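Coordinate-derived values only; no laboratory data. This structure is a prediction, so every number in the text was calculated from the model and none was measured. Methodologically, a virtual Cβ is constructed for each residue, glycine included, from the backbone with ideal geometry; neighbour enumeration extends over all protein chains shown.
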Amino acid sequence: MALSLLENNPPENRLDVPLSYSQYLQLEKGWSQIKSANDISEDQRYWLRIHSSYSAIADSFRCCRYPYFYYNSLFQIATVVTVPRDLHEVAALELRQEIMQSIKADLSLHKPDALGTIVDSGSVKEKVYEGAYSRSSIQSSGVCKYSSIDGRAIMVAIEVGSSETYTALCRDKNLWLDGHHVKVCLLLCFKESPRFRNPRCPYESINVTAEKDTMQLHAIETVRSSFGPISYRNHKWLGELKEGFIEVWRHDGAVRYPLTERGKACDALPTNIGLRIQDFYPTEVWQAANIPDGDILVYRTIFMKYIKRQSS
């Protein structure tokens, strides 16, 4: 099943399967053989192939580093993640941009020579070599790193998912906090009802570009006042985003901050979600840096406007 998902890469799938470490190595070997046979390089972005059972609209040549998989050695679970919709990708990107804008504004005012010490990155895969999670690997939706002449260290990790995978996201969060020792892990979670399902029947003899433009106009009209649902050509492309929230996890617990409720954005969302400048620095570096601490501002109302635009 895991190899089938890796090879076919159907949109919006996550599979958590119990595997011993030796079985996980066999999965890695099998995937390497598939990549070699299909001339897929680990270091390059490659086109998502269109299969005859997929809609041309849904799969029209998106360029992504998907599928991917990683391993939690503590629970002996391998996770396969296939190509997501733009909703998930943009949510991680916009959250990172909100955070970085606040960091840059704060450092520009209080410590200009520290600009550039905090950098953000998209999805990265990291391995754990010691402790309870030894031989584990984990892949994020995005990270923020502290950069120095000695290299880069991940301080904050971001994971994006749906409420149906919340338990699995929490396993990933624990691996980041306890295995990789990040300071903060942000969980960005949406509840979509009904969940997206990829069309099973292909559309024949259509102009994909024109069809996408028509679908986009239809979607924009649909989500002017709410977050879905969006139906087109007798298929539901987006369910209603009934609930959305950010959880800010530290080693001593978490605080949840709402984004949407009952399909609508929460009004007058505060800008503070508990992040501080010091969260983005190693403790010993922060103590010696003489940088005034301050709140990281995340404008959740603006953030959700970007999400609404992307959901259409």
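General observations
- Along region 271-280 the Karplus relation, 6.51 cos²θ - 1.76 cosθ + 1.60 evaluated at θ = phi - 60°, assigns HN-Hα couplings of 8, 9, 10, x, 7, 10, 4, 5, 4, 9 Hz to successive residues, with x for each Gly and Pro.
- Efficiency of FRET between Ser108 and Asp252 - r from beta-carbon atoms, R0 25 angstrom, step 0.05: 0.20
- Val17 versus Ser121: modelled label distance in nm, points set 7 Å from Cα along the beta carbon direction: 2.8
- For region 97-172, the list of GluC sites (Glu not before Pro) that fall in a loop by DSSP and count at most 11 other C-beta atoms within 10 angstrom reads Glu130.
- For a modelled paramagnetic label at Gln287, 7 Å from Cα along Cα-to-Cβ, no residue of region 98-133 is in reach, as no backbone nitrogen comes under 11 Å.
- Neighbourhood charge, 9 Å Cβ-Cβ cut-off, centred on Ser137 and excluding it, Lys, Arg +1 and Asp, Glu -1: +2
- Put a dot 7 Å past the Cα of Arg276, heading toward its Cβ, do the same for Glu130, and the two dots end up 2.7 nm apart.
- Amide H within-cut-off set for Ser73, under 5 Å, with H built and near neighbours excluded: Ser136, Ser137
- Peptides 114-120, 186-192, 171-177 ordered by average Cβ neighbours within 10 Å, highest first: 186-192, 171-177, 114-120
- Estimated from the Cβ-Cβ distance and a Förster radius of 41 angstrom, the FRET efficiency linking Leu25 and Gln101 is about 0.45.
- Segment Phe75-Ser4, length gained on full extension (0.36 nm per residue, minus Cα span): 23.3 nm
- Computed FRET value (nearest 0.05) for Arg152 with Arg262, which takes r as the C-beta separation and R₀ as 51 Å: 0.80
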